[in-house]
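Q: Structure below; questions to follow.
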Amino acid sequence: MIEAKGYAAHDAASPLVPFRFERRDPGPHDVQIEILYSGICHSDLHQIHNDWGNSVYPMVPGHEIIGRVVRVGEAVTKLKPGDHAGVGCMVDSCRTCPACLEGLEQYCENGATLTYNDRDRNGALTFGGYSDQIVVEERFVVKIPGTMDLKAAAPLLCAGITTYSPLRHWKVGPGQKVGVIGLGGLGHMGIKFAKALGAHVVMITTSPGKAEDAERLGADAVLLSRDADAMAAHAGSFDFLLNTVPVPHDLNPYLRLLKRDRTMALVGVLTGLEPPVSGAALIMGRKSVAGSAIGGMAETQEMIDFCAEHGIVSDVEIIPIQGVNGAYDRLVKNDVKYRFVIDMASLRNEPQF
């Protein structure tokens, strides 16, 4: 076993604190990665607080991982020591179900193994990226081109692929008018991707103060959803809507924006009650509301390569691991543009180890 160190939550009410644990030795198909940067996802906050009722402790969060390969198993072919590599939201799947055989491991019918707050095939807890190293099978590791800004690439492993996957699935491209609903960690990536894919991108927001930033990120226009006249002027004109809002909200006003036979895809994890979708809003126009998770491993590598080609990374604020609890407090207040990333060099200098 390999001795590792990180920051962990020990219950739903306590802050993250230094924690020692063990990783497995690399097997023939495994890659050992020294973690350089770990992004903070809003789901990390939900998991450590047990908001979804499935948390297991101790928990080392983090599924936006960028690092340097330090060791590989003898059967590994696509990575070698010294390469930069990324690990996202999952580290295993059954490999045999129809979804896995189609390269859609994220929809594994027997349940993909999550990077943290899950159990591996041997029943051991999985621990995530708020740590100094990780061991993952090659299939669930992506290669990061050396030209990328590594710290700003970390959120691509979750926020990036979460927004890229639906845009690709619904074939967003030139000549289309695409709306991105909500400007946050997901929304800012949605704008960048939709623009790079050639679409006319409209940022749809409740906040007038976000207009300037949306245009800086690449939006061609900004639509205030609380402006009834503006919403009416855009009715029936959108080819696709990417809804990144993670809190309960009324979907019906947005459905009126879609053309006939078009789709609004939800990527924010909604919790709690929200207004029902009007049957008439769907029927009159044969419109669809759909959901989308992250991408499979092949698509995640495709997304990374697309980002390298188009110069796309996340807008990030770098913090030391010692500031993670303060970052969580700010995350609750939406006080970040647009993603916190932990510089794991700070962990190696942690005096409590």
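Q: Can you give me the relative contact order of segment 161-291 as a percent, contacts being Cα pairs under 8 Å and 6 or more apart? Could the numbers behind the result be given before it?
A: Working: 268 pairs, mean separation 28.3, N = 131.
Worked out over segment 161-291, it gives 22 percent.
Q: Against the longest alpha carbon principal axis of the chain, how many degrees, from 0 to 90 and to the nearest 10, is the axis of helix 159-169 turned?
A: Roughly 50 degrees, rounded to the nearest 10.
Q: Treat each spin label as a single point 7 Å out from the Cα along the C-beta direction, and report the His10 to Ile318 distance in nm.
A: The answer from the label model is 3.2 nm.
Q: Student exercise: in segment 161-291, how many lysine pairs 8 or more apart or on different chains have Cα atoms under 21 Å apart?
A: The result is 13.
Q: Tell me the Kirkwood hydrodynamic radius of segment 161-291 in angstroms, computed as one over the mean inverse distance between distinct C-alpha pairs.
A: Numbers: mean 1/r = 0.0694 Å⁻¹.
This gives a value of 14.4 Å.
Q: With angles folded into 0 to 90 degrees, how steeply does helix 297-310 sit against the dominant principal axis of the chain? Use alpha carbons for both and round to 10.
A: Taking Cα atoms only, the helix is inclined about 70 degrees.
Q: Shifting gears a bit: Add -39500 (n - 2.57) for each DSSP H run of 4 or more in the chain, then divide by its residues: what number comes out at 222 nm, to the nearest 500 deg cm²/dmol? Please report the intermediate quantities before stating the final value.
A: Working: 12 runs with 87 residues, N = 353.
Helix-only estimate at 222 nm: -6500 deg cm²/dmol.
Q: Run through all the Cα pairs of the chain and give the fraction in each 10 Å bin from 0, expressed as whole percent.
A: 5, 25, 33, 24, 10, 2, 0
Q: Using a Gaussian network model of the chain with C-alpha springs under 10 Å, which one of Cys41, Cys94, Cys158 is most mobile by mean-square fluctuation?
A: Cys94
Q: Give the cross-link partners of Lys78 among the lysines, using a straight C-alpha distance below 24 Å as the criterion and excluding same-chain residues fewer than 8 apart.
A: Cross-link targets: Lys143, Lys151.
Q: Now for a separate question. Using Cβ counts within 10 Å as a stand-in for footprinting exposure, how do Leu101, Leu16 rank, fewest first?
A: On the way: Leu101 11, Leu16 22.
Result, fewest neighbours first: Leu101, Leu16.
Q: While we're here: Over segment 1-159, one equal point on each Cα, no solvent: what is log10 I(q)/I(0) by the Debye formula at q = 0.14, 0.17 Å⁻¹?
A: With no solvent term, the Cα-only Debye profile gives -0.67, -1.01.
Q: A follow-up question, please. Please build a GNM for the chain, connecting alpha carbons under 10 Å apart, and tell me which residue among Ala194, Ala159, Ala221 fluctuates the most.
A: For the chain, modelled as a Gaussian network with Cα springs under 10 Å, the answer is Ala221.
Q: Do you know the relative contact order of segment 253-353, to the nearest whole percent, from alpha carbon pairs under 8 angstrom that are 6+ apart?
A: 22
Q: Next question. On a 0 to 90 degree scale, rounded to 10, what angle separates helix 185-196 from the longest Cα axis of the chain?
A: 70
Q: For Ala221 and His29, what does the FRET efficiency come to when R0 = 51 Å and r is the distance between their Cβ atoms, rounded to the nearest 0.05?
A: Values: r = 48 Å, r/R0 = 0.94.
E(calc), rounded to 0.05, equals 0.60.
Q: Could you pull out every residue, at least 5 positions away or on a different chain, whose amide H is within less than 5 Å of the one on Cys41? Hs are placed 1.01 Å off N in the peptide plane, and Pro or chain starts have none.
A: Answer set, sorted by chain and number: His63.
Q: Hey, another quick one. I want the local charge near Ser43. Using Cβ-Cβ distances under 11 Å, sum +1 for each Lys or Arg and -1 for each Asp or Glu among the other residues. Display every interim value, and only then the final one.
A: On the way: positive: none; negative: Asp44, Asp51, Glu64.
Residues close to Ser43 contribute a combined charge of -3.
Q: For the pair Asp250 and Ala280, how long in nm is the line joining their label points, each one 7 Å along Cα→Cβ?
A: Inter-label distance under the simple model: 1.4 nm.
Q: I want to verify a result. In a Gaussian network model of the chain, Cα cutoff 10 Å, which of these has the top mean-square fluctuation: Asp229, Asp118, Asp220?
A: Among Asp229, Asp118, Asp220, the largest mean-square fluctuation in the Gaussian network model of the chain belongs to Asp229.
Every read-out reported here was derived from the displayed coordinates using simple, explicitly stated rules and does not represent laboratory data. Source: prediction; values computed, not measured. We place every Cβ from the backbone using ideal geometry, glycine too, and count neighbours over all the protein chains shown.
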